Amino acid sequence: MKKIYYYFIYMAISILISFTSCDLLRIDNFPQPDAQVFGAIRDSVGGELVETDLINGSVIGTYELGEYANNPELRNWLVMQNGEYRNNLVYSNTYSIDFMSCNFFPYKIPELVIKPGPNEIDFHVVPFIRIKNHSITHDVSGNKIVATFTLEGGRPTVKVASMALYAFTDMYVGEYINKTISVGTGVPKISFTPEATIDPETIYTLSIDLAENASIFDVHKNYYFRIGVKASQSGVGIIRSNYAPAVAIPL
């Protein structure tokens, strides 16, 4: 009898909780996001994608206005490594956009209207540094990966703080996702102290000694290599690295 009694008590409590939960759900049944926003971060000169890092890369800082204009809350939309972005859960409204701590000069958009449904929006920016004439190849005879490139400052005040040729096992290679490279006879990284003035005619060369790093490239497969350059520019907050597209090389 006790088991039957406790069973009925349990069922009664369960039903009560169920009805209470339904009431709470009805009370908290706010409208769902009704907009999708997607597009790319593009160079204002030429329109190329401004690539970034998968981790600690550029973000789109957004503040929803409208009824929240007196106390807007910062929400970051992440930018993908290749410079594109997509957010499928956005409320249609008016937003202000704040680009800070990116790999391009900061700026703000006071008001941007997001309509219900799909919104394709590209943001045109001035990157700190443009990596030009870039090439990453496998020097078979020298047993090296060799990168060559030139640089162009987004503005005349930009200088170069460091540069690197990164390597990893997938396409997300960058400053925060890479293999630790032994120098050997290669020069995979260069730091400039003091920071170097950018000369667009200078051809830079970075290389990875494959023999010295045989334990890293010990499996026959595609490895990904990417040139990254960090700028020096005062008055812009945190500076993220600028990149050329990753190159896959079978080893």
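Given 20 °C and 1.002 mPa s, how large is the Stokes-Einstein diffusion coefficient of the stretch 186-230 in µm²/s, with Rh as the Kirkwood radius over Cα pairs? Spell out each step's value before the answer.
Working: Rh = 13.2 Å.
Estimated diffusion coefficient is 163 µm²/s.
Can you sort L251, L165 from fewest to most other Cβ atoms within 10 Å of each residue's own Cβ?
On the way: L251 14, L165 26.
Fewest-to-most ranking of L251, L165: L251, L165.
Search the structure for amide H atoms under 5 Å from the amide H of C102, placed 1.01 Å from N in the peptide plane, and list their residues when 5 or more places away or on another chain.
R240
At most 15 other Cβ atoms within 10 Å and a DSSP loop assignment: could you name the trypsin sites (Lys or Arg not before Pro) in the stretch 148-251 that fit? Working shown, then result.
Details: sites: K159, K179, K189, K221, R226, K230, R240; in loops: K179, K221, R240.
Counting only loop positions with at most 15 other Cβ atoms within 10 Å, the trypsin sites (Lys or Arg not before Pro) in the stretch 148-251 are K221.
Classify the stretch 61-149 as rounded, prolate or oblate, taking a ≥ b ≥ c as the square roots of the eigenvalues of its Cα gyration tensor: rounded when a/c is under 1.5, otherwise prolate if a/b is larger than b/c and oblate if not.
Working: a/c = 3.69, a/b = 2.71, b/c = 1.36.
It comes out prolate by the Cα gyration axes.
Fewest first, what order do T180, T185, T62 take by the number of other Cβ atoms within 10 Å?
T180, T185, T62
Whose amide H sits under 5 Å from the amide H of V90, counting only residues 5 or more places off or on another chain, with H placed in the peptide plane?
Counting only residues 5 or more places away or on other chains, the set is D34, A35.
Pick the calculated Rg/Rh (Cα atoms, Kirkwood Rh) for this structure from (i) 0.96; (ii) 1.10; (iii) 1.19?
Given (i) 0.96; (ii) 1.10; (iii) 1.19, the structure-derived one carries the label (iii).
Helix 2-27 versus the longest principal axis of the chain: what is the Cα-based angle in degrees, 0 to 90, to the nearest 10?
Long axis of 2-27 versus the principal axis of the chain: about 60 degrees.
In whole Hz, with x marking every Gly and Pro, tabulate ³J(HN,Hα) for the stretch 199-206 from phi via Karplus 6.51 cos²θ - 1.76 cosθ + 1.60, θ = phi - 60°.
10, x, 8, 6, 9, 9, 10, 10
Can you run phi through the Karplus equation (6.51, -1.76, 1.60; θ = phi - 60°) for the stretch 191-198 and list ³J(HN,Hα) in whole Hz, with x for Gly and Pro?
10, 10, 9, x, 4, 8, 5, 7
For the pair E195 and R75, how long in nm is the line joining their label points, each one 7 Å along Cα→Cβ?
That separation, rounded to one decimal, is 3.4 nm.
Loop only by DSSP, 14 or fewer other Cβ within 10 Å of the Cβ. Give me the GluC sites (Glu not before Pro) in the stretch 176-251 that pass, ordered by residue number. List each step's numbers first, then the result.
Working: sites: E195, E201, E212; in loops: E201, E212.
The qualifying sites are E201.
Share of antiparallel DSSP beta bridges in the chain, in percent to the nearest 5?
Values: 57 of 64 bridges.
DSSP beta bridges in the chain are roughly 90 percent antiparallel.
In the chain, how many lysine pairs have Cα atoms under 20 Å apart, counting only pairs 8 or more places apart or on different chains?
Qualifying lysine pairs in the chain: 12.
Under a point-charge model restricted to the Cβ atoms of Lys and Arg (+1) and Asp and Glu (-1), what is the dipole moment magnitude of the chain relative to its Cα centre, in debye to the nearest 20?
Details: 19 positive and 25 negative charges, 115 e Å.
For this selection, approximately 560 debye.
Taking every pair of alpha-carbon atoms in the stretch 109-251, what share in percent sits in each 10 Å bin, from 0 to the bin with the longest distance?
Result, from short to long distances: 11, 37, 28, 16, 7, 1 percent.
May I have the convex hull volume per residue, in Å³, for the Cα set of the stretch 111-193? List each step's numbers first, then the result.
Details: hull volume 15.6 nm³, N = 83.
That works out to 188 Å³ per residue.
For a quick check: sort H134, H124 by the number of other beta carbons within 10 angstrom, fewest at the front. Don't jump to the answer; show the numbers that get you there.
On the way: H134 18, H124 14.
Least to most surrounded, the residues fall as H124, H134.
7 Å from Cα along Cα→Cβ at both V113 and T202: what's the point-to-point distance in nm?
4.8
No value in this document is a laboratory result; all are computed from the given coordinates. Remember, predicted model here, so these are calculated numbers, not experimental data. Note that each Cβ is placed from the backbone with ideal geometry, even for glycine, and that neighbours are counted across all protein chains shown.
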